[in-house]
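Undergrad: This structure is in structure tokens; I'll ask about it shortly.
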Amino acid sequence: MVVKVESPPPELEWIKLSDDLDKMAQAETMQAKMKRKMKENPLVPIGCLATVAALCYGLWSFKQGRPQMSQKMMRMRIAAQGFTIVAFIVGLGLTARNATNR
């Protein structure tokens with residue numbers, strides 16, 4: 001005797017999709033997610049590191065009594081923050097475009 005398994009009605013397909021998405025989200029660890037995000041958009045971490053470096057060097061220059069270098073580094077920090085935000089927005093746009101092409 002053959003038993004046929006019927007597929008769920010169309011109005012309940014979202015439940016299966018929701019369950020599948022929950023399983024996928026739980027399968028990815030935080031470290032794996034961070035690696036994936038850095039691979040998708042490598043310019044954001046570079047911008048973050050440049051921002052932190054300019055900030056630290058600017059504060060150190062201020063402590064050493066070099067106000068001109070401190071001012072330059074604070075301006076560099078603003079430029080690095082701008083670069084980071086632009087890289088983030090471009091990365092979001094590319095990710096969204098790739099998601100719609102699939």
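Undergrad: How much length is gained on full extension from Gln71 to Asn98, taking 0.36 nm per residue of separation minus their Cα-Cα distance?
TA: Length gained between Gln71 and Asn98: 5.7 nm.
Undergrad: What ratio of Cα Rg to 2.2 N^0.38 Å holds for the range 42-101?
TA: Numbers: Rg = 15.3 Å, N = 60, 2.2 N^0.38 = 10.4 Å.
Cα Rg divided by the expected 2.2 N^0.38 Å: 1.47.
Undergrad: Residue-wise, which Karplus ³J(HN,Hα) couplings in Hz belong to the range 69-77, taking 6.51 cos²θ - 1.76 cosθ + 1.60, θ = phi - 60°, and x for glycine or proline?
TA: Going residue by residue, I get 5, 4, 4, 4, 5, 5, 5, 5, 4 Hz, with x marking Gly and Pro.
Bear in mind that the values in this text are calculations on the coordinates, not laboratory data. Note that the structure is predicted; figures quoted are calculated from it, not measured.
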